[in-house]
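The next block holds one structure in the form of structure tokens; read it before the comments.
The values are calculated or read from the model by the stated rules, or taken from the named source; none is laboratory data. From a predicted model like this one, the values you see are computed outputs, not experimental measurements. Here the Cβ positions follow ideal geometry from the backbone for every residue, glycine too, while neighbour counts run over all protein chains shown.
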Amino acid sequence: MRLPEFFLFNQSTRRVYREMINPVLNWLVRMKVSPNAVTTAGCIFSAAAGLIFSTGNFFLGGLTVALAGTCDILDGQLSRQTGTSSRFGAFYDSCLDRFSEAFIFMGLAWYFAGGPALFWSPNAGHPDGYSPLAVMFIIFAITGSFLTSYVRARAEAAGVACTVGRMQRTERFVLLLVASALGSVPVAGILLMKISLAVFALLTNITAIHRFIYVGRILLQEKSLEAGRDNRK
């Protein structure tokens, strides 16, 4: 099972974006900013995005998600370029990544659950904002997102490298940006955001299932080989 490589997610697009943010990376190196500080900044931007999404301001929320996603790319590049990669850094990054995703989806869930705005926004209290169906999409989306990362972590703990599937973290950020842009469209924005959340939920769960099947096959093959060796003894 292999999802097509969309133009927004392909290697050429990633390479172009990395070249665009290279000046920022070089500045961080000169200023001796630690990768963990960049990771922390990304989590803070994600929390801010969640607060903004809770008001229904999808455009500004999307811009803030873009900042969080940029930090997510920069922290890894910074650690490699400065030779400061560490097991703690990888652990810290992974934990804050989960918090970051949770903050963003909590904000969206708050808005579509009809919660009052935490601060003023011209979009607050929009009558189309209340949608139990959208909340279900969000729950399904965050489940797929977390499972995608969890299956990889469990696979690596079992000694299996698992990077298959299209909806990895970078792709999830990009799809959130697309959803935010569509959600900002006048009149049809709320509907387009709901559709985007449904697509996000579907693709993340497909990726999680893809990884589950991929790792399961490898582990079962290893078990079969071990049983065969034991029988020959």
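Values computed for the structure shown
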item	result
Residues that are surrounded by 21 or more Cβ atoms within 10 Å (Cβ to Cβ), closer than 18 Å to Ile195 by Cβ, of a type in the set (A, V, I, L, M, F, W, C) and in contact with a Leu (Cβ under 9 Å, 6 or more places away or on another chain), drawn from the stretch 135-175	Phe137, Ile138, Ala141, Met167, Leu175
Failed condition for Ile213, given (1) free of Cβ contacts under 8 Å to residues at least 24 places away in the same chain; (2) more than 26 Å from Thr13 (Cβ to Cβ)	(1)
All positions within the stretch 183-205 that are touching a residue at least 60 places away in the same chain (Cβ under 8 Å) and closer than 19 Å to Leu63 by Cα	Gly183, Ser184, Gly189, Ile190, Met193, Lys194, Leu197, Phe200
Test: Ile206 is modelled with pLDDT of 90 or more and more than 27 Å from Ile73 (Cα to Cα)	no
Residue list for the stretch 141-163, filter: in contact (Cβ under 8 Å) with a residue 60 or more places away in the chain and not hydroxyl-bearing (Ser, Thr, Tyr)	Ala141, Gly144, Leu147, Val151, Arg154, Ala155, Ala158
Scope the stretch 17-46; condition part of a helix (DSSP H, G or I) and of a type in the set (A, V, I, L, M); matching residues	Met20, Val24, Leu25, Leu28, Val29, Ala37, Val38, Ala41, Ile44
Test: Ala49 is assigned to a helix (DSSP H, G or I), surrounded by fewer than 17 Cβ atoms within 10 Å (Cβ to Cβ) and hydrophobic (A, V, I, L, M, F, W, C)	no
